[in-house]
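One structure is given below, encoded as structure tokens.
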Amino acid sequence: MSDQSFVSLRGIEKSFGDLEVLKGVDLEIRKGEVICLLGPSGSGKSTLLRCINLLEPPNSGIIMLEGKAIHGEGADSDGVDFVRRRVGMVFQQFNLFPHMSALENVCVAQETVLERSSEEARDKATTLLERVGLQEKVDEYPERLSGGQQQRVAIARALAMDPHVMLFDEVTSALDPELVKEVLDVMRELAEEGMTMIVVTHEIDFARDVGDRVVFMDGGVVVEQGPSRQVLDSPSEERTREFLGLVLDH
Amino acid sequence: MDVIIQQYFDLTIIGENFGLVLKGFWETIQLSIIGGILSLVWGLVLALVRQLPGRAAKPLRGLAIAYIDAFRGIPMLLVLLLVSGGLGAFAADGAIPQWLGIPRWFGKPDPFWYGIIAITLTYGAYMAEVYRAGIEAVPRGQMEAARSLGMSYGQSMRHVIVPQAVRKVIPPLLNDFIALMKDTSLVSVIGFIEVVQAGQDVYQTTFNSSALTFGALLFLLVTIPLARFVDRRIAGQQERYSRGTAGASA
């Protein structure tokens, strides 16, 4: 389809046993765009995110990344490697490696996957940890870091692989309220630098301020999408209105 | 009372046979350490094969499961007799070379090596189950994080999953090691003089059990501190879990 489409999802379907989680999702994402995926729990937004880097391969549908089919019709067998080397992911539960220091967490995949030398990996890791404000914590182990600090290490770890796209899966949902901002600030900077980002979130303010586009999902389909302010401030679909009413009430 | 003390704690008998029993115990230690290390390695190999993903690996997984079931279900004494009898006979027939059938590596007699083989075959199966429990106890998000960074299944196991799994199962592995150490006494059955046989040799000439008692004390000297160490480690792990910080990513 459109040449400028960076990530392209067409007819994505995914079931777990009898449970149909995604019922045909189409989504086009341009380079540098920040997409916020909103929707009630169980709407399939996290599953959609996990389909993009093939942590959950879709049952049907086509995924294209930078013009190359990585899943479905026309996909090569090296689709998994291709997508994982270009797409970084940050998880709700941080998933830092608990037996490694912050620095080692950011180095290990650089050395094993990109075959960078250990000095090169350390330099890169140090720079990135500084960038997320953790220069003091490079040698700490995850259990000694707060949730917000752990999540920032996780972001640095993903960025160390020089991703072209970043996926954020409810990355502030497991954080204490006072720690949410430090993580969102890092994401905001990243967006300002032009990173292509797909963000599953419940942070409506973040979606409004940082998101270029909001995609509202419910029941495994995209219900509505459009420029952030438009969708959030004057949604055209009843279901979107209901959801936003519930979320913004408290 | 005197009768008991004389039968079991005759210091003269112990003194006269001190060197003999100690030498036997040194053999026990060598059997335990070499057998223990090989069991640790073989057990890990079995556990990893058993965990291999994908349909293609199904026959291999099946083989590993069959092996583990079989060797956990057979007495080690029987394995020992099968190994020593079989290898000896094959070598006599010329079916396998002499150095393999009647191993005398590193100046140790063949019963020693039959013992090492039987210990490794048997305890490798036990330890494989312990490793499996450890691997399965590592949260799923760890593998997902590693894979999302582009690491292959093998790299993820090597750098992320196995190091965490091994830390979790050090206490049960040490328990298996204590059991292994006690089972080395079975090698006496095929004519190897370790600590129990050394004590029994003394008994057969004196009808006094004190040398055996001395052997028992030597065992306790190693096994009690080991058991205490295991207890402390388990207590420490439980404390960390109840603080909710162990494996901070869980």
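The values are calculated or read from the model by the stated rules, or taken from the named source; none is laboratory data. What you see is a predicted model; the values in this text were computed from it and never measured. Don't worry about glycine lacking a Cβ; one is built from the backbone with ideal geometry, like all the others, and counts go over all protein chains shown. Heavy atoms of the whole protein, side chains included, go into the accessibility calculation; ligands, DNA and RNA do not. Shrake-Rupley method; radii C 1.70, N 1.55, O 1.52, S 1.80 Å.
Per-structure values
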{"item": "Qualifying residue in the stretch A:191-206 (condition: surrounded by 17 or more Cβ atoms within 10 Å (Cβ to Cβ) and acidic (D, E))", "result": "yes"}
{"item": "The stretch A:92-109, subset more than 7 Å from chain B (Cβ to nearest Cβ) and surrounded by fewer than 24 Cβ atoms within 10 Å (Cβ to Cβ), residue nearest to the chain's Cα centre (by Cα)", "result": "A:Q92"}
{"item": "Positions within the stretch A:72-83 being open to solvent by 30 Å² or more (accessible area, probe 1.4 Å) and either part of a helix (DSSP H, G or I) or among the hydrophobic types (A, V, I, L, M, F, W, C) (or both), in sequence order", "result": "A:A75, A:V80, A:D81, A:F82"}
{"item": "Number of positions in the stretch A:129-146 that are within 14 Å of chain B (Cβ to nearest Cβ), open to solvent by 30 Å² or more (accessible area, probe 1.4 Å) and out of contact with any Ser or Thr (no Cβ under 8 Å at 6 or more places or on another chain)", "result": "3"}
{"item": "Residue within the stretch B:101-110 that is under 20 Å from B:L44 (Cα atoms), out of contact with any His (no Cβ under 6 Å at 6 or more places or on another chain) and open to solvent by 40 Å² or more (accessible area, probe 1.4 Å) present", "result": "no"}
{"item": "Qualifying residue in the stretch B:120-134 (condition: over 23 Å from B:V187 (Cα atoms), open to solvent by less than 20 Å² (accessible area, probe 1.4 Å) and either not polar (S, T, N, Q) or not in a helix (DSSP H, G or I) (or both))", "result": "yes"}
{"item": "Number of positions in the stretch B:33-67 that are within 14 Å of the chain's Cα centre (by Cα) and either β-branched (V, I, T) or over 30 Å from B:V160 (Cβ atoms) (or both)", "result": "4"}
{"item": "Residue check for A:S15: surrounded by fewer than 20 Cβ atoms within 10 Å (Cβ to Cβ) and either touching a Cys at 6+ places or on another chain (Cβ under 9 Å) or not in a loop (DSSP other than H, G, I, E, B) (or both)", "result": "yes"}
{"item": "Enumeration of residues in the stretch A:64-91 that are more than 14 Å from chain B (Cβ to nearest Cβ) and farther than 24 Å from A:D18 by Cβ", "result": "A:M64, A:E66, A:G67, A:K68, A:A69, A:E73, A:G74, A:A75, A:D76"}
{"item": "Residues (among the aliphatic types (A, V, I, L, M) and open to solvent by 10 Å² or more (accessible area, probe 1.4 Å)) located in the stretch A:214-231", "result": "A:V221, A:V222, A:V223"}
{"item": "Contacts under 7 angstrom Cβ, first residue in the stretch B:29-50 being touching a residue at least 24 places away in the same chain (Cβ under 8 Å), partner part of a helix (DSSP H, G or I) and among the acidic types (D, E), 6 or more apart", "result": "none"}
{"item": "Residue among A:M64, A:M89 that alone is over 19 Å from A:V223 (Cβ atoms), among the aliphatic types (A, V, I, L, M), open to solvent by 30 Å² or more (accessible area, probe 1.4 Å) and under 17 Å from the mean Cα position of the chain (by Cα)", "result": "A:M64"}
{"item": "Matching residues, the stretch A:42-63, being within 14 Å of chain B (Cβ to nearest Cβ) and touching a residue at least 60 places away in the same chain (Cβ under 8 Å)", "result": "A:S46, A:L49, A:R50, A:I52, A:N53"}
{"item": "Flag for B:L87 being surrounded by 12 or more Cβ atoms within 10 Å (Cβ to Cβ), under 19 Å from B:I190 (Cβ atoms) and without any contact (Cβ under 8 Å) to a residue 12 or more places away in the chain", "result": "no"}
{"item": "All helices (runs of 4 or more DSSP H) inside the stretch A:136-249 with 2 or more residues being among the small types (G, A, S)", "result": "A:147-159"}
{"item": "Single residue of A:T172, A:T126 found to be among the hydroxyl-bearing types (S, T, Y), closer than 22 Å to A:E33 by Cβ and open to solvent by less than 60 Å² (accessible area, probe 1.4 Å)", "result": "A:T172"}
{"item": "Residue count for the stretch A:84-117, restricted to those that are assigned to a helix (DSSP H, G or I) and at pLDDT below 95", "result": "1"}
{"item": "Residue match in the stretch B:170-191 (condition: within 14 Å of chain A (Cβ to nearest Cβ), of a type in the set (A, V, I, L, M, F, W, C) and either open to solvent by 10 Å² or more (accessible area, probe 1.4 Å) or touching a strand residue (DSSP E or B) at 6+ places or on another chain (Cβ under 8 Å) (or both))", "result": "yes"}
{"item": "Any pair with Cβ under 6 angstrom, 6 or more apart, that starts in the stretch B:149-161 at a residue that is more than 8 Å from every other protein chain (Cβ to nearest Cβ) and ends at one that is open to solvent by 50 Å² or more (accessible area, probe 1.4 Å) and modelled with pLDDT under 95", "result": "none"}
{"item": "Among the candidates B:A56, B:A95, B:A137, B:A66, residue that is under 30 Å from A:F94 (Cα atoms) and open to solvent by 50 Å² or more (accessible area, probe 1.4 Å)", "result": "B:A137"}
